[in-house]
Amino acid sequence: LAEKLCRLHKHVMRGVGPGGFRPMLEPLRVQLVRNFGQSHLSPYLYAASVCVSEFGRDPTMVPLLAGMLADLAAVVFGMLRTRDDFTAHPDVVEEFFYLAGRAMSHCPEPVVVSPLMSSLLRCAAVGMEVDHRDANGGTLHFLESTVSYGLRLQRRNGGGGGGSGGG
């Protein structure tokens, strides 16, 4: 049921477009955080990542999305305390890191400047140890998006690219 409900939200969001769905984003955020907190079902994380993809480039929506990510991260960090927890919930690991990766691609600034970033990186390090292809894929997506953001920032600030320069 959760998967079908989240798919419905995705299709409505994309069907009516960001302008038409904007008034529903805050109630959806509340619902996604509440439902995920109660159920720990990964479709709610997927729906949150769709929200980030659709609204993450709108500066007026970024604070709401950053708050949603932080609220969902608090639940995820609470349930993924040991390596065994990661192994037991590979779908949560996968969807959570796809969500975090989309945030790094669409609205990275609030993530980078928040205390959440160091927790995400520590969690990703454990996530990479999970022997599960999809969980690793989500975690790598987040790490690649984070590195790509750093490289974009470096180019924008006129920094060099290359290697160590040794020879």
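The values are calculated or read from the model by the stated rules, or taken from the named source; none is laboratory data. The structure presented is a predicted model; accordingly, all values stated were derived computationally and were not measured. Counting neighbours? That spans all protein chains shown, and the Cβs are built from the backbone with ideal geometry, glycine included. For the accessible areas, the whole protein counts, side chains as well, though only heavy atoms, and no ligand, DNA or RNA atoms are used. Shrake-Rupley method; radii C 1.70, N 1.55, O 1.52, S 1.80 Å.
Brief remarks on what is shown
- Loop chymotrypsin sites (Phe, Trp or Tyr not before Pro), the stretch 80-167 (other Cβ atoms within 10 Å of the site Cβ: 11 or fewer; DSSP): none
- Summarised as an ellipsoid, the chain has semi-axes of 27, 22, 13 Å, derived from the eigenvalues of the Cα gyration tensor scaled by 5 and square-rooted, with the largest first.
- Accessible surface of the stretch 1-74, 1.4 Å probe, proportion on carbon and sulfur as whole %: 62 percent
- Contour minus Cα-Cα distance for M128 and R7 (0.36 nm per residue): 40.8 nm
- Calculated accessible area for the chain comes out at 52 Å² per residue, all protein chains present (probe 1.4 Å; ligands, DNA, RNA ignored).
- Taking a point 7 Å out from the Cα of A70 in the direction of its Cβ, the residues of the stretch 101-133 whose backbone N falls within less than 20 Å of it are 101-124.
- For the stretch 40-109, the extents of the C-alpha atoms along the principal axes are 38, 17, 16 Å, listed from largest to smallest.
- Taking trypsin sites (Lys or Arg not before Pro) as exposed when DSSP calls them loop and at most 15 other C-beta atoms lie within 10 angstrom, the chain has its longest site-free stretch at 82-167.
- For the stretch 1-48, fraction of C-alpha pairs farther apart than 13 Å, in %: 53 percent
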